[in-house]
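Only the coordinates and a few stated rules stand behind these numbers; no lab work does. Quick caveat: nothing in here was measured; it's all calculated off a predicted structure. Counting neighbours? That spans all protein chains shown, and the Cβs are built from the backbone with ideal geometry, glycine included.
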Amino acid sequence: MAIVLAFLALNYTAYDGFFQDDELDNLSWAPILPLSKFATDVIKPTFDVSNFRPPGHLYFTLAGRAFGMDFPPFMTPVIIIHLLNVLLLFVLLRKLAINRWCALAGAAFFALSASAMDAYWKPMYVFDLLCTTFSLASLIFWISRRWILSFVAFWLAYKSKELAVMLPAVLVAYEYWLGQKRITLLIPFLAASLSFGLQGLLLNPNKDNDYTFRFTLDALTKTVPFYAGRVFLIPFGGLALLLLAFVRDRRVWFGLSAIGCFLFTLLFLPGRLFEAYTYLPLTGAVIAMTAAASHIKPAFAWVAFALWMPWNYRHLHQEQLAKLAGDDEAFVFVDKLRGWAAKHPEVRTLVYTAAPRVYHDWGVTAAWNIAHHTVGLPALYRDWPQAAKAIGQETVAYATWDSGTQTLLIQIHSPG
């Protein structure tokens, strides 16, 4: 309860945020999906080239239908899932026979860390949250010898986010270091992982963009410093975890193996560096640290946590202020856009000169479609050829946005 209250005290301002562009993009189409689609897609054994993730997108469907564009209610499920993950991590640590007070210290570190703050601050990362939920559940079920439930949880973890494709490797590491080497029982896990992995490599429609895997040394020079710096919020600080390999405890080695497995695919995506992606690998770091701490007095683990907390709070506070400032700007833009569209529903094409600093073009398009309660309407940046063509041929809403004064001016332009 103390950990929960500390988390809420440090993060209640998350309710003051607003939707980022990816969230608006999901809200522009997810609420109109039939629930039958989720039932069919969650059992499909195929890679989805459109990145449709049934568990996470179901959240956007249900929340979008229930809350519309009211942001605060979206945050409650996100926070509940995060706190559930904290509990599941604590249960996993106890299953690994880690001292209760060391396990509590690890749970507190995971709950309050700013390392992956976006994961529990922005609804967009509900995919990472749910992937972690089902991954931890799969590990707990496996240790409890509930093989079928473990496989179901693994399947749902992958359907939540493709990062879980490496979870069977984590289970292999558990069996090697701590189990009874029941590798034959892992054949269904490994077969599913291999199938999804090969499909992801061969069917990936992203051939030369940020979503393309780069199996190069140059990619590692970008990804390793980023993720190593997120663990303790110190440049390259996460590499210090490698020193724990000298602790003669198989649970430590298992935790380090989990970090490596969960980070593996991320290390070759230099174009996709987001702090929320640290969320699942952070559970492996907690396992390694708490297992090592169990060899000393638990009080020392709490002393280390207390010394780290002011540094963590400093980063947490700075990142919160930056996110809220960006969210404030986005709210003004979207709110004024929706208000204008309500008065001029007949104008179906938007041409804009600029957008909030935190928005990409798909965010503006989503906001424009949400404002009209439909899908498929164009929102075109002024310098695009399509924008010049639209201005010459149809009546458009011409929007000028000034980020400095947060002023949105929209005028109706007739053809020509």
Quiz item: Out of all the residues in region 151-165, is one or more outside any helix (DSSP H, G or I) and under 26 Å from Pro235 (Cα atoms)?
Solution: no
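Report the residue count in region 42-72 for those that are part of a helix (DSSP H, G or I) and without any contact (Cβ under 8 Å) to a residue 60 or more places away in the chain.
Restricting attention to region 42-72, the residues satisfying the condition of being part of a helix (DSSP H, G or I) are 54-67, 72.
Retained after the next criterion (residues that are without any contact (Cβ under 8 Å) to a residue 60 or more places away in the chain): 57-58, 61-62, 64-67, 72.
Going through region 42-72 one residue at a time, the tally reaches 9.
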Quiz prompt | Residue list for region 356-381, restricted to those being farther than 15 Å from Asp25 by Cβ and in contact with a strand residue (DSSP E or B) (Cβ under 6 Å, 6 or more places away or on another chain) | solution = Leu380
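How many residues are of a type in the set (Val, Ile, Thr) and out of contact with any helix residue (DSSP H, G or I) (no Cβ under 6 Å at 6 or more places or on another chain) when one looks only at region 337-389?
So the first thing to find is which residues in region 337-389 are of a type in the set (Val, Ile, Thr), and the list is 347, 349, 351, 353, 358, 364-365, 370, 374-375.
Remaining after also requiring out of contact with any helix residue (DSSP H, G or I) (no Cβ under 6 Å at 6 or more places or on another chain): 347, 353, 364-365, 370, 374.
The qualifying residues number 6.
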Quiz item: Conditions: (1) closer than 26 Å to Val286 by Cα; (2) crowded, with 16+ Cβ neighbours inside 10 Å; (3) hydrophobic (A, V, I, L, M, F, W, C); (4) out of contact with any Ser or Thr (no Cβ under 9 Å at 6 or more places or on another chain). Ile140 meets all but one. Number of the miss?
Solution: (4)
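Filter region 213-240 for residues that are part of a helix (DSSP H, G or I) and over 23 Å from the mean Cα position of the chain (by Cα); which is nearest to Leu194 (Cα to Cα)? Write out each step before concluding.
Residues of region 213-240 that are part of a helix (DSSP H, G or I), as a first pass: 217-231, 237-240.
This time we only want the ones that are over 23 Å from the mean Cα position of the chain (by Cα), so: 217-218, 240.
Values: Leu217: 24, Asp218: 26, Ala240: 31 Å.
Going through the qualifying residues, I end up with Leu217.
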